[in-house]
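The structure appears right after this line, and notes come after that.
The values are calculated or read from the model by the stated rules, or taken from the named source; none is laboratory data. Computed from a predicted structure; not experimentally measured. Here the Cβ is made from the backbone with ideal geometry for all residues, glycine too, and neighbour counts use every protein chain on show. Keep in mind that these areas ignore ligands, DNA and RNA; they rest on the heavy atoms of the full protein, side chains included. Shrake-Rupley method; radii C 1.70, N 1.55, O 1.52, S 1.80 Å.
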Amino acid sequence: MMTDKLAQLSDAGVSIWLDDVSRRRLNSGNLAGLIRDKHVVGVTSNPTIFAKAVSEAADYDEQVRDLAARGASLDAAVREITTTDIRNACDLFRDVWQATGGVDGRVSIEVDPRLAHETDKTVAEALDLWKTVDRPNLLVKIPATSAGLPAITRTLAEGVSVNVTLIFSVERYREVMAAFVDGLEQAKANGHDVSTLVSVASFFVSRVDTEVDKRLDALATDEAKALRGKAAVANARLAYAAFQEFFTGDRWNALVNDGAKPQRPLWASTGVKNPDYSPTLYVDELVVADTVNTMPEATLHAAAEHSVLRGDTVTGTAAEAQQVFDDLANVGIDITDVFLTLENEGVDKFEKSWEELLDTVGGQLKAASSTGS
């Protein structure tokens, strides 16, 4: 029964990806087991995930000792540690990648978050990660900041598949889809096979409720309280409506004729932060074809045990979702400010996690050097 719910979710057109990767998962067989038993067909990483993985497990010790013996710089060490995990995960998902025609079996690695506001450096980093990992089922994650948008286009134009991350607003999502199509057209002009290029748009979910609910609680009115826990699902449903609207028409169909695949919405940050809400809220309410739900393992197991799947819960809900945002505006929520706050916080959190990762690896390198000398 546990596996059946996830099978139903997959059958509904939702690709289940795990929002976590580590050497411990790879070495222990945990990730292989989730692929086998829980219908997991992809995996994502981010600076926070790597910072936690490297600080908590001894699985990296041997590589750290080797890096210290070679006198590797801190940045080079972090690059080698993270890309090793990602390369090995790509190899693990190779069969899924082949079986799905390259749609799934994807593994994501993020560009250095300190480059979020620098287009040229983001592109250079993305191309370097693609070359270093050297696996066709890699996705390079680029944040959907203003500087990130042209970087998305330029990276795709070089034949590199992209996971666009930190998308919060439908307005920004439309810009991301435009950047994606621009990139495919340029890739085609550059002689790349666009049928091999895959992109997902990571639309963050739970953080929207966290920020909006905080502002609703501050208002302390009955009207405000009635809107708690509604913004995130409504936002994602509006994003899906934008997805359906965008990937139509002559311009897109010209790319489809060359084998292009649409940039699927990916529901990110689907772990429920508020214990008052169902732990499967952002799974059950976002079931629709041509999407990805990347879940923390706790959410994956909760979905396997407790999901109440009612078929497609997204198509045809745009008007209802828009009403939620109209109601939020009426009680005084500045949704534009909410999205700006979330984007800035998202970049800041990943920068801090990257610094934590650097600090951890730096300490490990120093300790290994002392032991070896």
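For the residue pairs Lys52/Lys214; Lys52/Lys141; Lys38/Lys349; Lys5/Lys141, alpha carbon separations beyond 23 Å are given by Lys52/Lys214; Lys38/Lys349; Lys5/Lys141. Each part reduced to its alpha carbon centroid, segment 235-276 and segment 57-77 end up 39 Å apart.
Could you look at the chain and say what percent of its accessible area is carbon and sulfur, using a 1.4 Å probe and all protein chains?
49
Length gained on full extension, Lys273 to Ala298, computed as 0.36 nm times the residue gap minus the Cα-Cα distance: 7.8 nm.
The Cα center of segment 115-137 and the Cα center of segment 329-373 differ in position by 19 Å.
The length gained on full extension between Glu345 and Asn330, counted as 0.36 nm times the residue separation minus their Cα-Cα distance, comes to 2.9 nm.
The residue list Ile109, Val78, Ala124 was ranked by how far each Cα lies along the charge dipole of segment 54-197 toward its positive end, using unit charges on Cβ atoms, and Ala124 comes out on top. Here segment 304-323 and segment 20-34 have alpha carbon centers that stand 31 Å from each other. Taken about its Cα centre, the chain carries a charge dipole of about 680 debye when Lys and Arg each add +1 at the Cβ and Asp and Glu each add -1 at the Cβ. Taking 12 Å as the cut-off, the amide N atoms of segment 236-279 that come nearer than this to a point 7 Å along the Cα-to-beta-carbon line of Arg174 belong to 239, 242-243, 245-246. Here each label is just a point 7 Å from Cα along the line to Cβ, and for Lys366 and Asn30 those points are 2.8 nm apart. Electrostatic tally near Pro296: other residues with Cβ closer than 9 Å to its Cβ, Lys and Arg +1, Asp and Glu -1, net -3.
Stretched out straight at 0.36 nm per residue, the stretch from Lys131 to Arg310 would grow longer than its current Cα-Cα span by 60.2 nm.
Between Asp66 and Glu245, how many nm apart are label points set 7 Å from Cα along the C-beta direction? Here the answer is 5.1 nm between the modelled labels.
Protein heavy-atom accessible surface, 1.4 Å probe, per residue over segment 298-373: 53 Å².
In this structure, Gln322 and Gln8 have a Cβ-Cβ separation that, at R0 = 35 Å, corresponds to a calculated FRET efficiency of about 0.75. Against the main long axis of the alpha-carbon atoms of the chain, helix 297-306 sits at an angle near 40°. Modelled spin-label separation between Lys225 and Asp91, with each label point placed 7 Å from Cα along the Cα-to-Cβ direction: 5.7 nm. Backbone amide hydrogens, once placed in the peptide plane, bring Lys141 within less than 5 Å of Ile109, Glu110, Val111, Asn163, excluding anything fewer than 5 places away on its chain. Of the residues Val164, Val200, Val212, the one whose Cα sits farthest toward the positive end of the charge dipole of segment 158-231, with +1 on the Cβ of Lys and Arg and -1 on the Cβ of Asp and Glu, is Val212.
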